[in-house]
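Report on one structure; see the data block that follows.
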Amino acid sequence: MKVVFERPRALSDVTTHYCPGCTHGIIHRLVAEVIDELGILERTIGVAPVGCAVLAYNYLECDWQQAAHGRAPAVATGIKRALPDRVVFTYQGDGDLASIGTAEIVHAANRGERITVIYVNNAIYGMTGGQMAPTTLEGQVTATSPRGRDIKQAGHPMRMAEMLATLPGVSYLARVAVNKPANIMKAKKAIKQAFMVQIDDLGFGMVEILSTCPTNWGLQPAKAMEWVDEKMIPYYPLGEFKVPGEVK
Amino acid sequence: MPKVEFNVDRCKGCELCAVFCPQKIIKLSEGINKLGYHPATVKEMEKCTGCAICARVCPDCVIKVYK
Amino acid sequence: MLGEKVLMKGNEAIGEAAIRAGCQLYFAYPITPQSELPQYLARRMPEEGRVFLQAESEIAAINMVYGAAGTGARVMTSSSSPGISLKQEGISYIAGAELPCVIVNIVRGGPGLGGIQPAQSDYFQATKGGGHGDYRLIVLAPASVQEMVDLTILAFDLADQYRNPVMILGDGVLGQMMEPVEFKDFEPVKIPKPWATTGRKGREKNIINSLYLDPTKLEEHNWHLQAKYREIAEKEVRYDTYRSEDAEVLVVAYGITARIARTAVDMARAQGIAAGLLRPITLFPFPTEAIAQAAEGAKALLTVELSAGQMVEDVRLAVNGKRPVYFYGRTGGMMPTPEEICREIVKVAGKEVAE
């Protein structure tokens, strides 16, 4: 009898602080599996965001830098320019990347910065207690949109993947979800591609990952997985928005 | 024979494994683990196919799968 | 140009000194009156096989500094007052995470967009923290183009030695003026950086971080930082004096103002007033002891600044009420003439030295 599934080596053997059913844990594991499969643990440097994933540096076994809110792509740029032969990735939520850090992500993408961005979109601010995010859906109730997000007052949910895909510096860009087994497998493939375009020196790689926040959505974990299908995917369609021709 | 092993004290009882298990053999235990949750467990291991779906949807990497 | 004197603009001299000091990466954003520095390094860094990158903002530039400094490289950024305000968040993180780097502020008048003429009104921001939290920068204040070179080289060494950001606090006059400078032959100090995030090959993982959620740990970290600042205060104070031994009116001024004040001291001496000058070179650590001692022999002190009165507070703390401390300042980019300062010296002498 052989082991067909176990904890990847790059994933730290600790209990995370994430709420029960929060899919950050799945995404962490997928990144760890990719790092293991590519054999890059010893030359990878992660950049942790501000938000629920701020403690990501405790959960993956690579070197880490913790960045100020939204600034992870700039920090990653500094690391990558200093050490071009290392693999550098950021792990950012939707408040971090799509709100306070829009300038940094747009310009890192536009420069074709050789970094990989893991962008976790759960349509809400988790760490601060469930406030409206730039990605919060129309009508979605949050702590700061108690009557549901009003487009006239708060603007539209931001589709970062579509927006960034227009930039020539971007080599790989996909939107995936981790709300069911088949989607999780696709998410892993996309994460691997986003690392590969960096390793192959092709350009900027990013994966937007639709993730759940059972606690702040007020849903059981399994219901939250369904909510991604019912509410998020219709507005945030899955797929590859940019693929380089020459990726191996 | 395929089997799954749970790292009981890492389980947060979110039940995603139970919901997605094609064989529907995962349930939450009566007992409480170190974290204060009812951890997931398998009652009829002989029905396990070793598909590892439970492990792939687990956000806490609780499950090890043998086949 | 080794060993020989060359004529250079202050801003460019900082750039060349950074290269000599082994600065491997420089992150820029244009702003007057420091733009000659990024322009110089845009040309020189690639020549040396090093990194010049123009960031999308001062905020991005300082965070690029954070990332690159975290790999153990020697890194610099530069700006002028409004841009330095934007960098404050990043500077606080850099101080918290104890990353060595050099930040150049070629100060212009404020507040707000202010103007583009020289000022010294960022003294509080530079020496008292600037961003959030209990932290200090080492702050070096050159008064000549040669000193811009020497202090830039020193800045990189101090940054590495103490794992602390170092600020060069210049002003628009120094940045723009041309003077002959000499680049002496030297070996940049090499300090091992086992904490750097370079990939974990052959060791445990490293984390560059300023987050301590446990208050006992955060307090411990703060006491560690404070102990470091005390050590810096003990070991790194630098200042210069001019005709201060028998001074009855001691002028305290730094940077370009100190040069004008020096002429004013000579003018006052010519009128029979025993004036002298003490010029802080390090603004943090501040030459508190030296000023306290010099004050013993003086009748009064006069602080002169291109501000509404900022360093004067530290001079008063140093003197601790034992002598009167007067202030004379110009703001908004206006410069005092030697005659103006001399007049103030005469006024102070009239009040405090009159027989």
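If we scan region A:115-135, do we find a residue that is farther than 24 Å from C:Glu58 by Cβ, part of a helix (DSSP H, G or I) and modelled with pLDDT of 95 or more?
If we filter region A:115-135 for residues that are farther than 24 Å from C:Glu58 by Cβ, which is where we start, we get A:116, A:118-133, A:135.
Add one more test, that the residue is part of a helix (DSSP H, G or I), and what stays is none.
Scanning region A:115-135 turns up no residue that is farther than 24 Å from C:Glu58 by Cβ, part of a helix (DSSP H, G or I) and modelled with pLDDT of 95 or more.
Scan (1) more than 9 Å from chain C (Cβ to nearest Cβ); (2) among the hydrophobic types (A, V, I, L, M, F, W, C); (3) crowded, with 24+ Cβ neighbours inside 10 Å for the single condition A:Ile79 breaks and write down its number.
(1) is the only condition that A:Ile79 fails.
Quick check on my filter: what residues within region A:82-112 are more than 10 Å from every other protein chain (Cβ to nearest Cβ), outside any helix (DSSP H, G or I) and surrounded by fewer than 24 Cβ atoms within 10 Å (Cβ to Cβ)?
The answer is A:Gly112, and nothing else.
So, in region C:164-191, how many residues would count as being surrounded by 19 or more Cβ atoms within 10 Å (Cβ to Cβ) and of a type in the set (D, E, K, R)?
Within region C:164-191, residues that are surrounded by 19 or more Cβ atoms within 10 Å (Cβ to Cβ) and of a type in the set (D, E, K, R) number 1.
Check A:Tyr57 against each of (1) more than 8 Å from every other protein chain (Cβ to nearest Cβ); (2) free of Cβ contacts under 8 Å to residues at least 40 places away in the same chain; (3) assigned to a helix (DSSP H, G or I) and name the one condition it does not meet.
(1)
Looking at C:Leu53, is it among the hydrophobic types (A, V, I, L, M, F, W, C), touching a Ser or Thr at 6+ places or on another chain (Cβ under 8 Å) and modelled with pLDDT of 95 or more?
Details: among the hydrophobic types (A, V, I, L, M, F, W, C): yes; touching a Ser or Thr at 6+ places or on another chain (Cβ under 8 Å): yes; modelled with pLDDT of 95 or more: yes.
Yes, satisfied.
What about C:Phe27, is it surrounded by fewer than 23 Cβ atoms within 10 Å (Cβ to Cβ), touching a helix residue (DSSP H, G or I) at 6+ places or on another chain (Cβ under 6 Å) and more than 21 Å from C:Ser144 (Cα to Cα)? Walk me through it before giving the result.
Numbers: surrounded by fewer than 23 Cβ atoms within 10 Å (Cβ to Cβ): no; touching a helix residue (DSSP H, G or I) at 6+ places or on another chain (Cβ under 6 Å): yes; more than 21 Å from C:Ser144 (Cα to Cα): yes.
Considered against the rule, which asks whether it is surrounded by fewer than 23 Cβ atoms within 10 Å (Cβ to Cβ), touching a helix residue (DSSP H, G or I) at 6+ places or on another chain (Cβ under 6 Å) and more than 21 Å from C:Ser144 (Cα to Cα), C:Phe27 comes out as no.
Just to be sure I understand the filter: pairs with C-beta atoms under 6 Å, separated by 6 or more residues or on different chains, first member in region C:95-106 and in the same structural domain as C:Tyr123 (by TED's automatic domain parsing) and on the phi < 0 side of the Ramachandran plot, second member assigned to a strand (DSSP E or B) and acidic (Asp, Glu). Which pairs pass?
If the second residue must be assigned to a strand (DSSP E or B) and acidic (Asp, Glu), no pairs are left.
Restricting attention to region C:5-12, does a residue exist that is surrounded by 20 or more Cβ atoms within 10 Å (Cβ to Cβ) and either under 19 Å from A:Pro84 (Cβ atoms) or basic (Lys, Arg) (or both)? Lay out the reasoning, then the answer.
Here is the first cut: in region C:5-12, the residues surrounded by 20 or more Cβ atoms within 10 Å (Cβ to Cβ) are C:8-12.
From the residues that got through so far, the ones that are either under 19 Å from A:Pro84 (Cβ atoms) or basic (Lys, Arg) (or both) too are C:9.
Looking for residues that are surrounded by 20 or more Cβ atoms within 10 Å (Cβ to Cβ) and either under 19 Å from A:Pro84 (Cβ atoms) or basic (Lys, Arg) (or both), one finds at least one in region C:5-12, hence yes.
State whether one or more residues within region C:19-30 are hydrophobic (A, V, I, L, M, F, W, C), assigned by TED's automatic domain parsing to the domain that holds C:Pro188 and more than 30 Å from A:Thr102 (Cα to Cα).
We begin by selecting, within region C:19-30, every residue hydrophobic (A, V, I, L, M, F, W, C); these are C:19, C:21, C:23, C:25, C:27-28.
Within this subset, residues satisfying the condition of being assigned by TED's automatic domain parsing to the domain that holds C:Pro188 are C:19, C:21, C:23, C:25, C:27-28.
Next cut, more than 30 Å from A:Thr102 (Cα to Cα) only: C:19, C:21.
Within region C:19-30 (the criterion being hydrophobic (A, V, I, L, M, F, W, C), assigned by TED's automatic domain parsing to the domain that holds C:Pro188 and more than 30 Å from A:Thr102 (Cα to Cα)), the answer is yes, since at least one residue qualifies.
Which residue, of C:Gly332, C:Gly321, is farther than 26 Å from C:Ser81 by Cβ, among the small types (Gly, Ala, Ser) and outside the structural domain of C:Leu174 (by TED's automatic domain parsing)? Give the steps one after another, and end with the answer.
On the way: C:Gly332 fails: farther than 26 Å from C:Ser81 by Cβ.
When all the criteria are applied, what remains is C:Gly321.
Tell me, which helices (runs of 4 or more DSSP H) lie completely within region C:185-301 with 3 or more residues that are closer than 24 Å to C:Ile138 by Cβ and acidic (Asp, Glu)?
Numbers: elements: C:215-235, C:255-270, C:288-297.
Correct list: C:215-235.
Residues to consider are A:Ile45, A:Ile35; find the one that is in a helix (DSSP H, G or I) and touching a residue at least 24 places away in the same chain (Cβ under 8 Å).
Numbers: A:Ile45 fails: in a helix (DSSP H, G or I).
Sole residue among the options that is in a helix (DSSP H, G or I) and touching a residue at least 24 places away in the same chain (Cβ under 8 Å): A:Ile35.
Of everything in region B:4-62 that's within 8 Å of chain A (Cβ to nearest Cβ), aliphatic (A, V, I, L, M) and part of a loop (DSSP other than H, G, I, E, B), which residue is surrounded by the fewest Cβ atoms within 10 Å (Cβ to Cβ)?
B:Leu35
Of the residues C:Gln125, C:Gln120, C:Gln88, which single one is at pLDDT 95 or above and not in a helix (DSSP H, G or I)?
Numbers: C:Gln125 fails: not in a helix (DSSP H, G or I); C:Gln88 fails: not in a helix (DSSP H, G or I).
The unique qualifying residue is C:Gln120.
Looking only at residues that are surrounded by fewer than 20 Cβ atoms within 10 Å (Cβ to Cβ) and hydrophobic (A, V, I, L, M, F, W, C) in region A:1-45, which one is farthest from the other protein chains (Cβ to nearest Cβ)?
If we take residues in region A:1-45 being surrounded by fewer than 20 Cβ atoms within 10 Å (Cβ to Cβ) and hydrophobic (A, V, I, L, M, F, W, C), then A:Leu38 is farthest from the other protein chains (Cβ to nearest Cβ).
Contact list please: Cβ distance under 7 Å, first residue in region A:223-244 and outside any helix (DSSP H, G or I) and at pLDDT 95 or above, second residue surrounded by 15 or more Cβ atoms within 10 Å (Cβ to Cβ) and among the aromatic types (Phe, Trp, Tyr), pairs at least six apart or on different chains.
A:Lys242/A:Tyr172; A:Val243/A:Tyr172
Given the criteria assigned to a loop (DSSP other than H, G, I, E, B) and either at the interface with another protein chain (Cβ under 10 Å from one of its Cβ atoms) or closer than 20 Å to C:Ile62 by Cα (or both), does A:His69 qualify? Outline the logic, then answer.
Details: assigned to a loop (DSSP other than H, G, I, E, B): yes; either at the interface with another protein chain (Cβ under 10 Å from one of its Cβ atoms) or closer than 20 Å to C:Ile62 by Cα (or both): yes.
Taking the combined requirement at face value, the residue satisfies it.
The values are calculated or read from the model by the stated rules, or taken from the named source; none is laboratory data. Here the structure is a predicted model, which is why all the values come from computation and not from measurement. Here the Cβ is made from the backbone with ideal geometry for all residues, glycine too, and neighbour counts use every protein chain on show.
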